[in-house]
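One structure is given below, encoded as structure tokens.
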Amino acid sequence: MKNLFQETKLFLSQAYDLFKFFDFNRVPDQNHVNTLVESIKRWGFVSCITVIKTDAIDGTMSYYILDGQHRYLAAKKLNIPFRFDVVEIGTRRELADY
């Protein structure tokens, strides 16, 4: 039988201090974070956060949360590991295009 799925690489971390937010991220809604905390307590951390790895912003290689900031904050509040995938971006233009 032909494999219908492509294997991907996900990462797991509790190193909260390594991750930053983009300036254009919306301001986190604490009510939404609290709702996610309760959901994660019941169901576990079931989805993945998208992280951009780049030095194109300030010259320092950093990890920025592109999608999932509320889930990240809920995991941090619970002090549990979170799953994420990484997209490596080399230039500001690539970042804008992505």
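Annotation: lysines with alpha-carbon distance below 27 angstrom to K41 (same-chain offsets under eight excluded): K9, K20, K76, K77.
Two decimals is fine: what's Rg over Rh for the chain, C-alpha atoms, Kirkwood radius as Rh?
Numbers: Rg = 14.9 Å, Rh = 14.7 Å.
A ratio of 1.02.
Here the Karplus relation 6.51 cos²θ - 1.76 cosθ + 1.60, evaluated at θ = phi - 60°, turns the backbone of segment 54-67 into coupling constants of 7, 10, 6, 8, 9, x, 10, 5, 9, 10, 10, 7, 8, 9 Hz, with x for every Gly and Pro.
The distance between label points at V87 and S39 comes to 2.1 nm (points 7 Å beyond Cα on the Cα→Cβ vector). With a simple spin-label model that places each label point 7 Å from the Cα along the Cα-to-Cβ direction, the separation between K20 and F5 comes to 3.5 nm. Taking amide H as placed 1.01 Å from N in the peptide plane, K20 has its amide H under 5 Å from the amide H of Y63, Y64, I65, each at least 5 places away in sequence or on another chain. A simple spin-label model places the labels of T60 and K76 1.5 nm from each other, with each point 7 Å out along Cα-to-Cβ. Along the axis of the charge dipole computed for segment 6-72 (Cβ charges of +1 for Lys and Arg, -1 for Asp and Glu, origin at the Cα centre), the listed residues W43, L10, P28 are led at the positive end by W43. Sorting V46, V86, V51 by solvent-accessible area of protein heavy atoms yields V46, V86, V51, largest first, with a 1.4 Å probe. Computed over the chain, relative contact order equals 37 percent, with contacts defined as Cα pairs under 8 Å that lie 6+ residues apart.
The values are calculated or read from the model by the stated rules, or taken from the named source; none is laboratory data. Just so it is clear, the model here is predicted, and its values are computed rather than measured. Cβ atoms come from the backbone with ideal geometry, glycine included; neighbour counts cover every protein chain shown. Each accessible area value is taken on the protein alone, full model and side chains, heavy atoms only, with ligands, DNA and RNA left out. Shrake-Rupley method; radii C 1.70, N 1.55, O 1.52, S 1.80 Å.
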